[in-house]
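Here is the structure we will look at.
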Amino acid sequence: MKVLDATRPGKAPAAPAPRRRAARPRIAPLVGIVLAALAAEIVPRTGLIAGDALPPLSSVLAELGRQAGDAALWEALGRTVRTWAVGLVVAVVAGVVVGVLIGLVPILRAITASTVEFLRPIPSVALIPAVILVFGTGFESGVVLIVYAGFWQVLVQVLYGVQDIDPVAHDTARSYRFSVWGRVRYVIWPTALPFVFTGIRLAASVALVLAITGELVIGTPGIGQLISVAQSSGATTEMFALVLVTGVLGVLVNTGFRYAERAVLGWHPSVRRSAGAR
Amino acid sequence: MTDMVSVKGLNKVYESAGRRVEAIGDITFSVARGEFACIVGPSGAGKTTLLKCLAGLLTPTAGEVLLDGVPVTGPPPGMAVVFQEYGRSLFPWKTVRQNIDLPLRQKKLPRAERDRLVTDSLGAVGLADAGDAYPWQLSGGMQQRVAIARAVAYEPQVLLMDEPFAAVDAQTRADLEDLVRSLWRSLGITTLFVTHDIDEAVYLGERVLVLSASPTCVLDDVPIGLPAERDQVTSRSTSAFAELRTRVHRGIQDAKAGRRTSGAAA
């Protein structure tokens, strides 16, 4: 009994902890945003950075408000998002199909392993000159870059996912004589799905980086090109307003996919646990 | 009675780089149509290897398995397996009904018949209301009931069970034993039940095969002459039960001591 009593005081304060933990995330990020905004407002005003290179946040926001009324911004944004989306979809579909195929056939896996390990680390940016030579400076070049970068992210995750299949689940499917397609659709695909989502999320952010980079370097119309033009014409406030837009785009992409993941993977232990804690 | 399952000179050797492990030495036995046979052996006796060879999930090194006279070369039609790890055998991304339905879809049964089989089998295992739940929302015992329902709905000629109750608590275990026993009596499916639990084997089976330690052979073949109507309390306290239990237990002791010949221990 003594021992039990002794442990009790230690346990009691632990009980209300979840409530405190639940409240903290709501305030903490706001504090972070406010601090960052203050820094972005004050640092430029101190004159630490020479001249007009770094405008204060308030004027950047004002500029952004002005730009929001301009169709040019929305058109550029539309183009960037289109390049991003088309590239991402192609990368994901190709990554999933090739990944499942390689994952299912051990010989294919052995043959491709070294090639994958060689091609995967090549930064897409290094391919920009080659892509321009082959595809020109249009929309396709951006898409190709995104497909190249995103494909590996998805492929590697799908390969992990297919490997993660539970031997008992696999034996169950085999003993009930599931067809190859039945096994892919009802056992392998659901097992790999959490990995696929991770791959898509990684690919989505990489794709955004490359969509902007492609526009900056190649000059394809889009937000990246607007940033480049603003910079070369000395419109730093406008440039930062556009940078802010890309940041917002990144956040939207990430949260969007997180929500989708939760909705689709309701059965998965990681989602189950967080749903239970809520 | 004709033989439903017939195992002849089964031998299984696992070979990997520089290592050769003979899991199953030489196993020969047969199980009659509609019989309930339990297979017991000490741990590491190759029970799971034997069951996987029976299920067509592993290819034997030598010898053969016949199912209703047809050699088993892969998972045969008309066989259902209930695994010990119910949590991993049921698909967590499917509801209970969908889990039972999936093998029936693979069998290409018409929808109406599938619905009937799923409903009937869920009723038979006492889970008529749990169909829309996900397996992980159920207790361990209920999950294993779902796995049994899935096997029963498949309408197999042979039901293989690999230590199905090793991971549930004692009371749930007793309930599940009675469930399996009553399902067998009402459906008459030829059942092979692998277990390491001597009492469970004697209580459930019409016959108990005692395996030796690895490399495995059959040490003893014990007919269980208990009445068909069995009860957890009264059946287990009869002197006949105690005698059978002693005989099987002695066999297991011998197996652990390393006896290999299948001498008549009666």
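No value in this document is a laboratory result; all are computed from the given coordinates. Since this is a predicted model, take the numbers as computed values, not measurements. Ideal geometry is used to build each Cβ from the backbone, glycine not excepted, and the neighbour counts take in all protein chains shown.
Got a sec? Which residues in region B:137-170 would a label at B:ARG116 touch, if it sits 7 Å along Cα→Cβ and we count backbone N under 15 Å? Counting backbone N atoms under 15 Å from the label point, the list is B:153-155.
Beta-bridge orientation, region B:119-266: approximately 50 percent antiparallel, per DSSP, counting only bridges with both partners inside.
Per residue of peptide B:91-104, the mean number of Cβ atoms on other chains within 10 Å of the residue Cβ is 4.
Below 8 Å, C-alpha to C-alpha, sequence gap of six or more: please give me the relative contact order for chain B in percent. With pairs under 8 Å counted, the relative contact order is 25 percent.
Only Cα pairs under 8 Å and at least 6 apart count here; give the relative contact order of region A:161-278 as a rounded whole percent.
On the way: 68 pairs, mean separation 24.7, N = 118.
Relative contact order for region A:161-278 comes out at 21 percent.
In this label model, B:ALA167 and A:VAL243 are separated by 5.4 nm, measuring between points 7 Å along each Cα→Cβ vector.
A:ALA36 to A:ASP166: extension gain in nm, 0.36 nm per residue of separation minus the Cα-Cα distance?
The A:ALA36-A:ASP166 span can extend by a further 42.2 nm.
Here is the list for region B:157-266: GluC sites (Glu not before Pro) lying in DSSP coil, each with at most 16 other C-beta atoms within 10 angstrom of its C-beta, are B:GLU229. Number of Lys-Lys pairs in the protein assembly as shown with C-alpha atoms under 23 Å apart and a separation of 8 or more places or on different chains: 11. The length gained on full extension between B:ARG20 and B:THR238, counted as 0.36 nm times the residue separation minus their Cα-Cα distance, comes to 74.0 nm. Which residues does the label zone of A:ALA72 cover in region A:238-274, counting backbone N under 18 Å from a point 7 Å along Cα→Cβ? The answer is A:238-246. Using +1 at the Cβ of each Lys and Arg and -1 at the Cβ of each Asp and Glu in chain B, identify which of B:GLY251, B:VAL168, B:GLY78 lies farthest towards the dipole's positive end. So the residue we want is B:GLY78. Placing unit charges on each Cβ (+1 for Lys and Arg, -1 for Asp and Glu) gives region A:72-277 a dipole about its Cα centre, and among A:LEU108, A:VAL253, A:ILE200 the Cα reaching farthest toward its positive end belongs to A:LEU108. 3J(HN,Hα) couplings calculated from phi for region B:72-87 with the Karplus curve 6.51 cos²θ - 1.76 cosθ + 1.60 (θ = phi - 60°) are, in sequence order, 8, 10, x, x, x, x, x, 10, 10, 10, 10, 8, 5, 8, 4, x Hz; Gly and Pro show x.
How high is the FRET efficiency between A:LEU252 and A:ILE111 when r is their beta carbon distance and R₀ equals 30 Å, given to the nearest 0.05?
Working: r = 40 Å, r/R0 = 1.32.
With R0 = 30 Å, the Cβ-Cβ based efficiency is 0.15.
For region B:184-197, 3J(HN,Hα) computed residue by residue from phi via the Karplus equation (6.51, -1.76, 1.60; θ = phi - 60°) reads 4, 5, 7, 9, x, 6, 4, 10, 10, 10, 8, 8, 9, 8 Hz, glycine and proline entered as x.
Find the relative contact order for region B:90-155 and round it to a whole percent, using C-alpha pairs within less than 8 Å whose residues are 6+ positions apart. RCO, region B:90-155: 49 percent. Amide H to amide H distances under 5 Å link B:LEU219 with B:VAL210, B:LEU211, B:SER212, where only residues 5 or more positions off or on other chains count and H is placed in the peptide plane. Phi angles across region B:158-167 convert, under the Karplus curve 6.51 cos²θ - 1.76 cosθ + 1.60 with θ = phi - 60°, into 3J(HN,Hα) values of 10, 10, 9, 10, 9, 6, x, 10, 5, 10 Hz, Gly and Pro given as x.
Across peptide A:175-188, what mean number of C-beta atoms from other chains lies inside 10 Å of a residue's C-beta?
On the way: counts 18, 15, 11, 5, 2, 0, 1, 4, 1, 0, 0, 9, 3, 0.
Partner-chain Cβ atoms within 10 Å, mean over residues of A:175-188: 5.
Given the options A:PRO190, A:PRO167, A:PRO123, state which has the largest fluctuation in a GNM of chain A using a 10 Å cut-off (strictly under) for Cα springs. Greatest mean-square fluctuation among the candidates belongs to A:PRO167. Size of region A:72-277 from its Cα atoms: along the principal axes, largest to smallest, the extents are 69, 44, 22 Å. Under a 5 Å amide H cut-off, with hydrogens placed 1.01 Å from N, B:ILE39 pairs with B:PHE193, B:VAL194, B:THR195, B:LEU209 among residues at least 5 apart or on other chains.
Amide H to amide H, with H built 1.01 Å from N, B:ALA32 comes under 5 Å of B:MET4, counting only residues 5 or more places away or on other chains.
Using a 7 Å offset from Cα along Cα-Cβ at B:ALA257, what residues in region B:196-221 end up with backbone N under 14 Å from the label point? Answer for region B:196-221: B:213. Loop-located trypsin sites (Lys or Arg not before Pro) across region B:101-134 with a Cβ neighbour count of 12 or fewer within 10 Å are B:LYS108, with loop assigned by DSSP.
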